[in-house]
Each structure stands twice: as C-alpha cells, then as structure tokens.
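A short write-up of the structure that comes next.
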Amino acid sequence: MDAFTPLPALLGGLMIGASAALLLVLNGRIAGISGILGGLLPSEPGETGWRIAFLAGLVLAPLVYAGLGGTLPPVTVAASYALLALAGLLVGFGARLGAGCTSGHGVCGIGRGSPRSLVATGVFVAVAVLTVFVTRHLIGA
C-alpha cells in the first residue's frame, strides 16, 4: 500500500457497481464472471452475444485505457505456469462449489442483500486470510 489512491479506487468501485446494476436491470442477469463464462459452454439461444460482449469488455478495457494514454501498473508473477494452472483449477472448483465467484457473491449478492452471498463472501475472505497466513508465515513463501 505504498501508493494508496482513494479517488481512483472510489471511481473504479462506482463503475463496477454501475455495470453490475445495469446488467441486472437491463438483462435480468447477475454479473458473476464465473457464471457468465460458464454459461458460454452449454450456451442457450440468445445467451451468447451478451456474454461474449461482457467478457470482451473485461479484456479490452485496460487496452483502451492504455491506448488513451493511461498507465497500466506493471504485473509481475513469480510463480510457474504449472502453479498458475493449478491455482486456476482450484479457483474454478471453488466457484462451482460455492455456486458463484467473488464478483457474483461479493458485488452482486451482497448488493441484493442475499444471506447466501454474505456467508459465501465471508468464507472467501476468511480463506484468503488463512492462505496468506499459511504461505507467508508458516511455509515462508
């Protein structure tokens, strides 16, 4: 937290909340990324276009930002591809097990007052804290 910038963080949070609210109001859909991506695999008629557009926006938004002169932060990953693949599989398994991901439960579910999402988000945070404690203090990674 060397460069805490509350205004951009607030603006980003407002944009995430607005996009989630618009998707719910205009499409009747929850902006849970795992559900949006998972819905592409056995896609139903009329469901593909908006899902691809939403996911494309996630990928293209930083590129557009950089193209307009914004500076993207450097990304450094100090893990092997095998570890990244394992982590991705575990996240996917957890999203299926928890019937949603952090964006679906944490942003949309809590905003809707869903008790299930409150519990799921609490579990996400508790497991994240435990994981950091184990990897940093017990294993020493």
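Since every read-out is calculated from the coordinates, none of them should be taken as a lab result. As the structure is a computational prediction, the values presented were derived from the model and not from experiment. Don't worry about glycine lacking a Cβ; one is built from the backbone with ideal geometry, like all the others, and counts go over all protein chains shown.
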Worksheet entry | Electrostatic dipole magnitude of the chain [Cβ: Lys, Arg +1; Asp, Glu -1; Cα centre; debye, to 20] | 220
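Below 8 Å, C-alpha to C-alpha, sequence gap of six or more: please give me the relative contact order for region 1-102 in percent.
For region 1-102, the relative contact order is 27 percent.
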Item to complete: Quote the Stokes-Einstein diffusion coefficient, in whole µm² s⁻¹, for region 1-83, based on the Kirkwood radius over alpha carbon pairs, a temperature of 20 °C and a viscosity of 1.002 mPa s.
Response: 139
Fill in: Evaluated over the chain, the Cα radius of gyration and Dmax, each in Å
17.1, 50
Worksheet item: On full extension of the chain, what length is gained from Val134 through Leu90, given 0.36 nm per residue of separation minus the C-alpha to C-alpha distance?
Response: 14.2 nm
Worksheet item: If you find the alpha carbon centre of region 51-78 and of region 12-42, how far apart are they in angstrom?
Response: 17
Response to the item:
With only helices counted (DSSP H, runs n ≥ 4, each -39500 (n - 2.57)), the per-residue ellipticity at 222 nm for the chain, to the nearest 500, works out to -20000 deg cm²/dmol
